[in-house]
Protein chains: 2
Amino acid sequence: MTREEGVAGPTGGGEFALIRRILALRRVVPEALTVDAGDDCAVFAAAPLAVGNDLSVEGVHFRREWLSPAEIGFRAAGAALSDLAAMAAEPIAVLLALCLDEAADTEDALALARGVIDAAEAVGAGLAGGDIARGPMLALDVVAIGRCATPVRRGGALAGDRLWVTGRLGGAARAVRAWREGTEPTPAARAAFATPRPRVAEARWLAERGARALIDLSDGLSGDCAHLAGASGLEAALDATAIPVDTAAGAALEDALHGGEDYELLLAAPPGSIEDAAPAFHERFGVPLTAIGVVRAGSGVYLRGVDGRERPLPRGGFDHLGGMPA
Amino acid sequence: MTREEGVAGPTGGGEFALIRRILALRRVVPEALTVDAGDDCAVFAAAPLAVGNDLSVEGVHFRREWLSPAEIGFRAAGAALSDLAAMAAEPIAVLLALCLDEAADTEDALALARGVIDAAEAVGAGLAGGDIARGPMLALDVVAIGRCATPVRRGGALAGDRLWVTGRLGGAARAVRAWREGTEPTPAARAAFATPRPRVAEARWLAERGARALIDLSDGLSGDCAHLAGASGLEAALDATAIPVDTAAGAALEDALHGGEDYELLLAAPPGSIEDAAPAFHERFGVPLTAIGVVRAGSGVYLRGVDGRERPLPRGGFDHLGGMPA
């Protein structure tokens, strides 16, 4: 489309020039793409395709005082790509809708896009298009698109299945707590919030070994456990002593139970299916795979405390309609 | 997911309750959907799939003084679905990212979503998911997904092809001009802006009859003609006397040339391929199909005026990075 530059006009074509500069940041063109960015839509030859989107708004999901523009982009794309992991899908591409406020200059826009591209390319996907506008706030909607031959749904658990989580929980919430307290989070906590790694390869590995219900921990363990158990028509019982709290990041049990946006996975698998594979998981992916409870007939989520007694677990996950608490 | 209501928590679950109310507004579940809204992603069995997104931001793309919430939703989805029309794709589904500001209550959110659903269902698609957050502004990112066996790209024109447009142009720009002048637009102008009809069936009909380059008029004829000609490596020459100005909406030639967001189609087709079909197009779709010029070797866009002289056509389309002029 270089010829269009010959057409001068009062609006200067800033939008299209920026789009060209963003596309030039790509190191890979997404596979299975028969029509690339630059046309009205991207066209994908693969099927079945999983498509999800994740909206990140300044002041709700992040603050510019906390993160660099590249981290804001990485985090927004990581959240969207985590939705693909939660289906055991294989990422192909992302689309980016970017709303830039007056404080965001061209370099910021390029850094935001670079973060999105980095997060996508880290899991084998690539930027395939999007839309940009100037507006009253900074916001990103990232659309994640992936091959999904055998979706693993959140509602696939059966009574008696064990519940497992990947990685360690609460680091992202610990970082937010530090910032709100006016302190700097530890590097480990900061990284958990700023550059979440969607568990894409992990999800497919687990699906091959028997995971039959899967969800990513975007709203917090208490909330997402309620989603998985509820969609499966079951009740979840968690063991507080088993929760893998991200103590290296300074997280407490409350951070691990209710802090959203760790983007680890929660899964249900038949007893005996995954136990033997947990050490291999740790070795392969560098993070633990931990049994934290069971699903059974009933409804709701219960937590067995250190005293051995089960109590209903209140849902403390983040409500994106409630805004970010001060 | 009704069981999750048994899990009380400090955040109240307002986000999930609203999502359930929005999904209850659907009259159809999208076809080719193997995993519906309510899981982490929607999964589509169809291939190839075209995927595009369109971002609508208050103060940039619309104003609440001008449109009802349902119209804002309809217009945002119409714009996204028009990107599918521009590929000659067949819409299947939309995803909605909705950022609600403090002025938007639950009824507004439901009306916005109803507008999106109405626009989608009018062209055979359905709502298949999305994301909602409270933020400092009202914004919608609509992702449009459609079957696209034979994409018609914007860069497919060959020298000597004739250029055609569907419908009448300038009505949406005329409405914006009226609002800016402090007057009410005519019903025809208002409808052109508020409830654009993506030319989905028209695009497929035209593709079957020889259209080999296609773009929708979202940025304005002058800008989108530059996109089509530039992507094809050609120059466009338009005839001012041939442009189908939406005079019933009170539009002038300038509105038709530079006013964006009519969401009509611009296409290139070999001479002789479509001429005979134009009356049938008008009869079938209720809007004219008009030859407005040619593409030829060269670059840029030229307009032949009533005096018979050709002059470069300055690009006056809307630059979404420039913000909405006051």
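Here are a few things to note about the model shown:
- Note on the range A:180-241: enclosed helices (runs of 4 or more DSSP H) holding 1 or more residues that are polar (S, T, N, Q) and at pLDDT 95 or above are A:221-231.
- Any chance B:Leu265 is of a type outside the set (Phe, Trp, Tyr), closer than 11 Å to B:Val165 by Cβ and within 11 Å of chain A (Cβ to nearest Cβ): yes
- Selection of the range B:277-315 for residues being assigned to a loop (DSSP other than H, G, I, E, B) and either surrounded by 20 or more Cβ atoms within 10 Å (Cβ to Cβ) or of a type in the set (Ser, Thr, Tyr) (or both) yields B:Ser299, B:Leu313, B:Arg315.
- Tally, over the range A:196-213, of residues that are more than 16 Å from A:Val294 (Cβ to Cβ) and either touching a helix residue (DSSP H, G or I) at 6+ places or on another chain (Cβ under 8 Å) or within 12 Å of chain B (Cβ to nearest Cβ) (or both): 11
- Scanning the range B:134-177 for residues that are buried (at least 24 other Cβ atoms within 10 Å of the Cβ), away from every other protein chain (no Cβ under 14 Å), within 16 Å of the chain's Cα centre (by Cα) and not small (Gly, Ala, Ser) turns up B:Val165, B:Thr166, B:Leu169.
- Members of the range B:36-65 that are over 30 Å from B:Gly182 (Cβ atoms), among the aliphatic types (A, V, I, L, M) and surrounded by 24 or more Cβ atoms within 10 Å (Cβ to Cβ): B:Ala42, B:Val43, B:Leu49, B:Ala50, B:Val51
- In the range B:86-119, the residues that are more than 13 Å from chain A (Cβ to nearest Cβ), within 20 Å of the chain's Cα centre (by Cα) and of a type in the set (Asp, Glu): B:Asp118
- Take the conditions (1) surrounded by fewer than 17 Cβ atoms within 10 Å (Cβ to Cβ); (2) assigned to a loop (DSSP other than H, G, I, E, B); (3) within 14 Å of another protein chain (Cβ to nearest Cβ); A:Gly260 misses just one of them, which is (1).
- Filtered residue count, the range B:120-133, keeping only those that are within 14 Å of chain A (Cβ to nearest Cβ) and assigned to a loop (DSSP other than H, G, I, E, B): 1
- Failed item in (1) closer than 24 Å to B:Asp40 by Cα; (2) free of Cβ contacts under 8 Å to residues at least 24 places away in the same chain, with A:Gly286 passing the rest: (1)
- Single residue of B:Asp307, B:Asp246, B:Asp276, B:Asp219 found to be within 28 Å of B:Gly59 (Cα to Cα) and more than 14 Å from every other protein chain (Cβ to nearest Cβ): B:Asp246
- Of note, B:Thr34 satisfies the criterion of being at pLDDT below 95 and closer than 30 Å to B:Glu208 by Cβ.
- Here A:Gly317, A:Gly323 are screened, and the one residue that is within 11 Å of another protein chain (Cβ to nearest Cβ), at pLDDT below 95 and over 21 Å from A:Ile215 (Cα atoms) is A:Gly323.
- Within the range B:290-308, not a single residue is closer than 25 Å to B:Ala77 by Cβ, modelled with pLDDT of 95 or more, among the charged types (D, E, K, R) and assigned by TED's automatic domain parsing to the domain that holds B:Cys225.
- Residues located in the range B:91-119, provided they are out of contact with any helix residue (DSSP H, G or I) (no Cβ under 7 Å at 6 or more places or on another chain) and closer than 30 Å to B:Ala268 by Cβ: B:Ile92, B:Ala93
- Options B:Ile117, B:Ile72: the member that is among the hydrophobic types (A, V, I, L, M, F, W, C), part of a helix (DSSP H, G or I) and under 19 Å from A:Val57 (Cβ atoms): B:Ile72
- Condition met for B:Ala269 (more than 30 Å from B:Phe74 (Cα to Cα) and out of contact with any helix residue (DSSP H, G or I) (no Cβ under 9 Å at 6 or more places or on another chain)): no
- Extreme residue, nearest to the other protein chains (Cβ to nearest Cβ), among residues of the range A:18-69 that are assigned to a helix (DSSP H, G or I) and touching a helix residue (DSSP H, G or I) at 6+ places or on another chain (Cβ under 8 Å): A:Leu18
- The range A:3-31, subset of a type in the set (Gly, Ala, Ser), within 20 Å of A:Leu96 (Cβ to Cβ) and surrounded by fewer than 21 Cβ atoms within 10 Å (Cβ to Cβ), residue modelled with the highest pLDDT: A:Ala24
The values are calculated or read from the model by the stated rules, or taken from the named source; none is laboratory data. As the structure is a computational prediction, the values presented were derived from the model and not from experiment. FYI the Cβ positions are ideal-geometry reconstructions off the backbone, even for glycines, and counts take in every protein chain you see.
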